[in-house]
């Protein structure tokens, strides 16, 4: 049982490059979330989805886009990477909003 | 604005003692409060959920209390072990909200 799988695990980008982070869950959860975690800042919600085909902005959405074309996948895109987006990105899923979230092990992204 | 406070300083305790971690929140009326554990380089893992009408919740050596008057939750680990060393995150959730907000976490270090 894989749970939540994030791809890739590590990535180094140059400023201005674009990339997509993939999150896949095999638990048939409705809700999916993208967070970033920076030292001293804790987990901050970027975007989330309450079901297939839906997306919504979280606390820090600027510079990111997301898509949820399939229920099991939630993609996070950086169109033009900036050094301020250097962070660890976590994806999570839950059956409903008030139920426990299951997290992946993160993508460590460095932007030079 | 909504604010969640967890002690940013590490809590160092001796093996066998009870560890108590605090989560205070302001401008919130959470219907639920969740606690997670995060190990270095890993995603958070759900531990316990407590509802506003529950004063206390237990799971093995873990105990969570929820005082809506004080706007505080306490997380206790009894008979602590070095394997309990990790960062612990609290996350209150309002009843109508569709997303969690996490505290910055408290790092617990259990020594022999």
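Summary of computed values
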{"item": "Single match in B:56, B:60, B:5 (criterion: touching a strand residue (DSSP E or B) at 6+ places or on another chain (Cβ under 8 Å) and farther than 21 Å from residue A:44 by Cβ)", "result": "B:56"}
{"item": "Number of the condition not met by residue A:75 [criteria: (1) away from chain B (no Cβ under 11 Å); (2) in contact (Cβ under 8 Å) with a residue 24 or more places away in the chain; (3) loosely packed, with under 13 Cβ neighbours inside 10 Å]", "result": "(3)"}
{"item": "Check on residue B:89, within 9 Å of another protein chain (Cβ to nearest Cβ) and under 14 Å from the mean Cα position of the chain (by Cα)", "result": "yes"}
{"item": "Residues being facing chain B (nearest Cβ under 7 Å) and at pLDDT below 95 - total across region A:88-100", "result": "3"}
{"item": "Residues located in region A:2-49, provided they are loosely packed, with under 14 Cβ neighbours inside 10 Å, at positive phi and modelled with pLDDT under 95", "result": "A:40"}
{"item": "Residues that are at pLDDT 85 or above and more than 16 Å from residue B:50 (Cα to Cα), drawn from region B:83-102", "result": "B:83, B:84, B:85, B:86, B:87"}
{"item": "Any chance residue B:51 is within 14 Å of chain A (Cβ to nearest Cβ), in contact with a strand residue (DSSP E or B) (Cβ under 7 Å, 6 or more places away or on another chain) and surrounded by fewer than 20 Cβ atoms within 10 Å (Cβ to Cβ)", "result": "yes"}
{"item": "Failed item in (1) in a strand (DSSP E or B); (2) surrounded by 13 or more Cβ atoms within 10 Å (Cβ to Cβ); (3) more than 13 Å from every other protein chain (Cβ to nearest Cβ); (4) over 11 Å from the mean Cα position of the chain (by Cα), with residue A:52 passing the rest", "result": "(1)"}
{"item": "Hits in region A:55-68 (condition: touching a strand residue (DSSP E or B) at 6+ places or on another chain (Cβ under 8 Å), more than 8 Å from chain B (Cβ to nearest Cβ) and assigned to a loop (DSSP other than H, G, I, E, B))", "result": "A:55, A:60, A:61, A:63, A:68"}
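The values are calculated or read from the model by the stated rules, or taken from the named source; none is laboratory data. Because the structure is predicted, anything quoted here is derived from the model rather than measured. Cβ coordinates were reconstructed from backbone atoms using ideal geometry, including for glycine residues, and neighbour counts include every protein chain displayed.
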